[in-house]
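See below for the structure under consideration.
The values are calculated or read from the model by the stated rules, or taken from the named source; none is laboratory data. Just so you know, these numbers come straight off a predicted model, no measurement behind them. With ideal geometry, Cβ positions are generated from the backbone for all residues, glycine too; neighbour counts draw on all protein chains shown.
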Amino acid sequence: MSYARILFAFLVALLTAASLPARAVEHVVTVNGEASVSVAPDMVMIRIGVSSQGKNAREASEANAKEMTKVLAAIEQSGIAKKDIQTSRLSLQPQYDTSKPGVARLTGFRVTNQVTIKIRNIGQLPSILDHAITAGANEMSGIEFVVSQQSQLLDQARGEAVADAHRKAELYAKAASTKLGRVIAIVEEGASPPPHPVMQALRGGAVPVAPGERMLRASVTVTYELAP
């Protein structure tokens with residue numbers, strides 16, 4: 001075989017191989033599938049604590065420790081296990097008087113101590129808040145309602161999202177007078193958003209709370225082959 005024929009055969013093979021991906025891309029359909037599951041939260045996380053002031057750091061710290069000890073005792077007496085109580089914020093900040101012109105004058109110190117409490121029975125929440133507030137809690141950064149079995153519920157939504165994608169792909173294939181082939185790729189676009197914190201003001205008396213429902217969402221992008 002001459003050199004020219006070998007070169008010609010090589011170029012034909014190269015061009016044929018290069019054209020294959022383009023043809024493959026032409027015979028696919030890519031669709032998005034979505035699904036959601038509504039579920040009532042079954043746990044709640046709260047951050048609560050005590051903020052105290054004093055003329056100096058030691059006085060502020062001692063006052064805070066005294067009040068915080070009472071708050072923690074009240075929380076434990078409400079039925080919360082120690083493993084479900086964790087310090088989440090502890091700060092010591094100087095306080096200044098800036099009401100007059102010139103150099104700000106140091107007036108004292110503020111100590112803030114907060115704990116995160118996991119409440120495994122949402123029904124206990126109002127009682128626990130009332131006990132903590134009565135014991136001296138005057139700081140709370142929020143309430144977060146949680147779904148404990150979120151992973152399993154998201155799996156359900158994922159399966160329904162893939163089914164939704166398949167339904168759409170079947171419609172496109174029928175409209176194009178062809179048939180749906182095998183799945184080439186599945187990409188998860190996103191799942192449920194992070195828990196939404198619900199802010200509450202601390203006041204005396206009963207504390208109303210409304211956990212509502214959480215919407216767990218799943219979204220997938222699926223690529224199918226189409227019959228040529």
From Gly123, Gly108, Gly102, residue being farther than 23 Å from Glu59 by Cα, of a type in the set (Gly, Ala, Ser) and not in a helix (DSSP H, G or I): Gly102
Subset of segment 126-149 that is surrounded by fewer than 18 Cβ atoms within 10 Å (Cβ to Cβ) and part of a helix (DSSP H, G or I) - its residue that is nearest to the chain's Cα centre (by Cα): Pro126
Qualifying residue in segment 50-62 (condition: at pLDDT 95 or above, touching a helix residue (DSSP H, G or I) at 6+ places or on another chain (Cβ under 9 Å), within 23 Å of Gly108 (Cα to Cα) and hydroxyl-bearing (Ser, Thr, Tyr)): yes
Verdict on Val162 being under 20 Å from the mean Cα position of the chain (by Cα) and under 30 Å from Val222 (Cα atoms): no
Long-range neighbours under 8 Å by Cβ, at least six apart or interchain, first residue of a type in the set (Asp, Glu) within segment 122-140, second crowded, with 19+ Cβ neighbours inside 10 Å and modelled with pLDDT under 90: Asp130/Val207
Residue in segment 15-34 that is surrounded by 14 or more Cβ atoms within 10 Å (Cβ to Cβ), modelled with pLDDT under 95 and small (Gly, Ala, Ser) present: yes
Filter pass, Lys118 being over 15 Å from Val31 (Cα atoms) and within 24 Å of the chain's Cα centre (by Cα): yes
Residue tally, condition of a type in the set (A, V, I, L, M, F, W, C), out of contact with any Gly (no Cβ under 7 Å at 6 or more places or on another chain) and within 21 Å of Gln124 (Cβ to Cβ), over segment 60-99: 7
Verdict on Leu154 being hydrophobic (A, V, I, L, M, F, W, C) and over 25 Å from the mean Cα position of the chain (by Cα): no
